[in-house]
Amino acid sequence: MDLSHIEHIGIAVRSIDEAKKYYEKVLGLECYATEEVKDQKVKTAFFKVGQTKLELLEATDPESPVAKFIEKRGEGIHHIAFAVDSADEALKSVEEKGIKIIDKTSRKGAEGLDIGFLHPKSTFGVLTEFCSKDN
Ligand code: CMX
């Protein structure tokens, strides 16, 4: 498995419209895409800083993982996503090493990437995602 870079950092917010003002007007970043990921019950907004993206996440349903996260911990960093050659192979590889995974196989995430999550209880408290482009 080779992690090439941090693909994005996911940030849970109550309102993308509100949070966007900070990223755009204070930090001077540009929101280059917004997308709803129905499967994950979230709306997303993307910014680029170098080759790393920031992904703002707003829940679209009270049962969304992001809604539960905000209820428990408040707004803030929700997950870190690593770019890999194959999310499926990376998930398999860490599971073989005893890490608890959330997704046995990858699913489709924002920007058409194949994504899969590792459980934060197995990764020192950091919800971790692998992302890869369709092979
Ligand atoms: N980072 C770190 N710890 C987290 C966490 C996060 N993002 N979300 C939950 N936890 C912690 C909880 O605080 C809890 O800890 P304690 O037991 O110490 O209180 C523990 O994990 C288990 O939490 P839980 O409430 O029992 O379980 P949840 O129902 O909240 O589920 C998780 C947690 C990670 C399994 C679930 O959020 C999940 O499957 N996440 C993956 C999918 C996802 O997050 N999608 C949204 C982003 C989609 C995208 O980027 O497109």
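The values are calculated or read from the model by the stated rules, or taken from the named source; none is laboratory data. Please read these numbers as outputs of a predicted model, since none were measured by experiment. Every residue, glycine among them, receives a Cβ derived from its backbone with ideal geometry; neighbour counts consider all protein chains shown. The accessibility values were calculated without ligands, DNA or RNA, using every heavy atom of the protein model including side chains. Shrake-Rupley method; radii C 1.70, N 1.55, O 1.52, S 1.80 Å.
Assorted remarks:
- Charge context of LYS72, other residues only, Cβ under 15 angstrom, K/R +1, D/E -1: +1
- Peptides 28-34, 62-68 ranked from most to least packed by the mean count of surrounding Cβ atoms within 10 Å: 62-68, 28-34.
- Extension gain, LYS133 back to ILE102 (0.36 nm per residue minus Cα-Cα distance, nm): 9.2 nm
- Remark: the chain carries 59 Å² of accessible area per residue (probe radius 1.4 Å; ligands, DNA and RNA excluded).
- The chain, relative contact order [Cα under 8 Å, separation at least 6], %: 25 percent
- Added length on full extension, which subtracts the Cα-Cα distance from 0.36 nm per residue, LYS68 to GLU36: 9.7 nm
- Total charge dipole magnitude, the range 1-51, about the Cα centre, Cβ charges on Lys, Arg, Asp, Glu only, Debye to nearest 20: 240 debye
- Cα gyration tensor of the chain - equivalent ellipsoid semi-axes, whole Å, descending: 24, 17, 13
- For the range 28-53 and the range 64-135, distance of Cα centres in Å: 16 Å
- For the pair SER4 and LYS25 in one chain, pulling the backbone fully straight at 0.36 nm per residue adds 4.5 nm over the alpha carbon distance.
- Extent along principal axes [Cα atoms of the range 1-40; Å; largest to smallest]: 38, 27, 17
- For q = 0.11, 0.20 Å⁻¹, Debye-computed log10 I/I(0) when each Cα of the range 11-83 counts as one equal scatterer: -0.25, -0.83
- Other residues whose C-beta falls under 15 angstrom from the C-beta of ILE9 contribute a net charge of -3, scoring Lys and Arg +1 and Asp and Glu -1.
- The C-alpha atoms of the chain define a longest principal axis, and helix 87-96 lies at about 60 degrees to it.
- Legend: distances between Cα atoms for LYS43/LYS121; LYS41/LYS92; LYS72/LYS121; pairs beyond 18 Å are LYS43/LYS121; LYS41/LYS92.
- Rounded percent of accessible protein surface that carbon and sulfur make up, the range 1-48, 1.4 Å probe: 49 percent
- Shape category assigned to the range 83-135 from the gyration tensor of Cα positions, a/c cut at 1.5: prolate
- Taking the Cα centre of the range 18-130 as reference, the dipole from Cβ charges on Lys and Arg (+1) and Asp and Glu (-1) amounts to some 320 debye.
- Taking label points 7 Å from Cα along the Cα-to-Cβ direction, GLU95 and VAL126 give a separation of 2.3 nm.
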